[in-house]
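Below is one structure; the comments refer to it alone.
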Amino acid sequence: MEGTKKTLYIPVGIKTRPEYFDGFGKIEFRQSALICLLGGGVDLLAYLLTQNISVCVLAMLVIIAGSIMMCIKDQTNLSAVDQVKNMIHFAKSQKEYSYVALDEWKLQIKPSRV
C-alpha cells in the first residue's frame, strides 16, 4: 500500500454551460443576435437610401458572419467582444495613484488638526 502513489486528475475542457458549438453558447447567441439586429437596422436604412438589394443582402450576410466570429470564445475563454469590454473597463479605471512616499524611519509626521 505504501508503494502506490495517488495522483490528482484534473479534467481539461469541461464546459460549465451547454454550447451550440465550441465557444458559442446561449450568451454568445444573444450577443450575436443583438449585433445582427443593430446591423440589420443600419442595412435597412442603407437599402432605403440606395435601393440596391444585392449590396444590402451581401452586407447582411457579412454582418451575421462577423457577429458570430466576434462572439466565439477561444481557448482563453475570451471573445473579441469580451476583449473590447475589458479595454473599455481598463480605460475607465484609475491609473494615477496620488500618494507621498515618506521615509518612515527618519521623519515623524505630526497629525494635522482639521
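Pairs under 7 Å by beta carbon, first residue over 13 Å from LEU61 (Cα atoms) in region 26-44, partner of a type outside the set (A, V, I, L, M, F, W, C) and exposed (fewer than 14 other Cβ atoms within 10 Å of the Cβ), six or more apart or different chains? Cβ pairs passing all conditions: PHE29/TYR20. Taking each residue of region 64-84 that is part of a loop (DSSP other than H, G, I, E, B) and looking for partners that are modelled with pLDDT of 90 or more and among the small types (Gly, Ala, Ser) with beta-carbon atoms closer than 7 Å, six or more apart or interchain, yields ILE72/SER79; LYS73/SER79. Screening ARG30 on (1) in contact with a Gly (Cβ under 8 Å, 6 or more places away or on another chain); (2) loosely packed, with under 12 Cβ neighbours inside 10 Å; (3) assigned to a helix (DSSP H, G or I) shows it passes everything except condition (1). Of the residues ASP103, ASP43, ASP74, ASP82, the single one that is modelled with pLDDT under 90 and surrounded by 12 or more Cβ atoms within 10 Å (Cβ to Cβ) is ASP74.
Against the numbered list (1) within 24 Å of the chain's Cα centre (by Cα); (2) surrounded by fewer than 10 Cβ atoms within 10 Å (Cβ to Cβ); (3) not basic (Lys, Arg), LEU49 comes up short only at (1). Looking across MET60, MET87, one residue alone is among the hydrophobic types (A, V, I, L, M, F, W, C), part of a helix (DSSP H, G or I) and under 15 Å from the mean Cα position of the chain (by Cα). It is MET87. Scanning region 1-30 for residues that are within 17 Å of the chain's Cα centre (by Cα) and among the polar types (S, T, N, Q) yields a total of 0.
The values are calculated or read from the model by the stated rules, or taken from the named source; none is laboratory data. Since the model is a prediction, treat every value here as computed from it, not as a measurement. Here the Cβ is made from the backbone with ideal geometry for all residues, glycine too, and neighbour counts use every protein chain on show.
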